[in-house]
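The values are calculated or read from the model by the stated rules, or taken from the named source; none is laboratory data. Small disclaimer: the values here were computed from a predicted structure and weren't measured. Cβ placement follows ideal geometry from the backbone for every residue including glycine, while neighbour counts extend to all protein chains displayed. Side chains included, ligands, DNA and RNA excluded: accessible areas come from the protein's heavy atoms. Shrake-Rupley method; radii C 1.70, N 1.55, O 1.52, S 1.80 Å.
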Amino acid sequence: MSGMRRFGADEWVGVARHGFVAELVMDRPKAMNAMSTAMADALAQACAELATDRSVRAVVLTSTHERAFCVGADLKERNSFTDADLMRQRPRTRAAYTGVLELPMPTIAAVHGFALGGGYELALACDLIVADGTAVVGLPEVSVGVIPGGGGTQLLPRRVGAARAAELVFTARRVPAAEAGELGLVDRVVADGQDRAEALELAAAIARNSPVGLRAAKRAMRLGQGLDLRAGLDLEDGAWRSVAFSGDRAEGVAAFNEKRDPNWPGE
């Protein structure tokens with residue numbers, strides 16, 4: 001892709017711009033985007049840069065591999081680790097998942113092929129998941145003696161409920177696209193090969209809206225999870241106050257009354 005900013009060396013993570021949409025691209029083709037230490041570092045670095053870019057209104061997480069979004073942790077790399085190596089790696093891999101989760105703008109995962117373990121956790125860290133018909137998702141970590149450690153035990157119950165998440169985590173089963181759509185494991189199931197195009201189109205539609213409003217709405221929804229209703233409404237009120245006197249609010253009202261598209265100042 002032209003204009004791609006790359007993070008990492010031969011096997012990298014990149015950021016490409018499509019207007020107000022940033023595409024966060026995983027490209028570790030030899031390992032189906034398995035999360036190595038180097039790839040985790042690259043993803044964390046890319047997310048740290050995106051998080052401070054006020055011109056980005058939406059992010060789409062994609063993969064260049066034909067048969068996989070991301071197959072999870074790099075078990076070949078980990079097979080050579082000592083216990084001390086594993087402990088040293090932990091904060092670096094965690095930073096990658098947290099980097100995606102804490103992006104302040106709306107995020108969409110474009111999933112095809114395998115999205116397993118940490119790969120599916122990357123998708124869960126996004127606000128929305130678009131999957132094509134080839135997608136297979138799941139959290140199989142207990143089958144190799146660990147647990148979902150990239151946010152899966154917390155994010156999946158919030159998406160599908162505690163019992164459904166327990167069944168999926170405890171059985172370690174892989175779920176094909178059609179069933180994943182029915183269970184709410186993904187949000188849209190699209191034609192084979194169309195996950196990236198559909199996700200970018202959805203992101204472009206999102207990016208037409210106020211960047212101030214989008215970030216505040218995401219913050220309110222994310223922080224409100226788990227709060228009781230009254231506390232959640234107080235949180236929402238604070239988010240409303242943060243945008244009510246913004247330049248975006250003034251421009252949005254003016255554009256509506258003047259029957260024109262808004263030119264968001266983004267502040």
Notebook entry, point to check: Counting Lys +1, Arg +1, Asp -1, Glu -1, what net charge surrounds residue 187 among other residues with beta carbon under 11 Å of its beta carbon?
Noted result: 0
Next item on the list: Can you tell me the dipole magnitude for region 211-258 around its Cα centre, using point charges on the Cβ only (Lys, Arg +1; Asp, Glu -1), in Debye to the nearest 20?
Entry: 220 debye
Margin query: Tell me which trypsin sites (Lys or Arg not before Pro) from region 139-197 have a DSSP coil assignment and no more than 13 other beta carbons within 10 Å of their own.
Written below: 173
Check: In a shell of Cβ-Cβ distance under 14 Å around residue 157, excluding residue 157 itself, what net charge do Lys and Arg (+1) and Asp and Glu (-1) give?
Finding: +1
Margin query: Explain nothing, just the number: dipole magnitude of region 5-208 about its Cα centre with +1 on each Lys and Arg Cβ and -1 on each Asp and Glu Cβ, in debye rounded to the nearest 20.
Written below: 320 debye
Margin query: Under 8 Å for C-alpha pairs, at least 6 residues apart: give me the relative contact order for the chain, rounded to a whole percent.
Written below: 15 percent
Check: How much area per residue is accessible in region 42-174 when the probe is 1.4 Å and only protein heavy atoms are counted (Å²)?
Finding: 43 Å²
Notebook entry, point to check: Around residue 100, with a cut-off of 11 angstrom between Cβ atoms, what is the net charge of the other residues, counting Lys and Arg +1 and Asp and Glu -1?
Noted result: -3
Next item on the list: Using all C-alpha to C-alpha distances in region 177-255, build P(r) with 10 Å bins and read off the rounded percent in each one.
Entry: 16, 30, 31, 20, 3
Next item on the list: With a 10 Å radius around each residue's Cβ, average the other Cβ atoms per peptide and rank 206-213, 125-132, 66-73, highest first.
Entry: 125-132, 66-73, 206-213
Check: Counting only protein heavy atoms and using a 1.4 Å probe, what share of the accessible area of the chain belongs to carbon plus sulfur, as a whole percent?
Finding: 54 percent
Note to self: Let me check against my output: what whole-number percent is the relative contact order of region 215-267, with C-alpha pairs under 8 Å and at least 6 apart?
What the structure shows: 28 percent
Margin query: Given a 1.4 Å probe and heavy atoms of the protein chains only, how would you sort 30, 218, largest accessible area at the top?
Written below: 30, 218
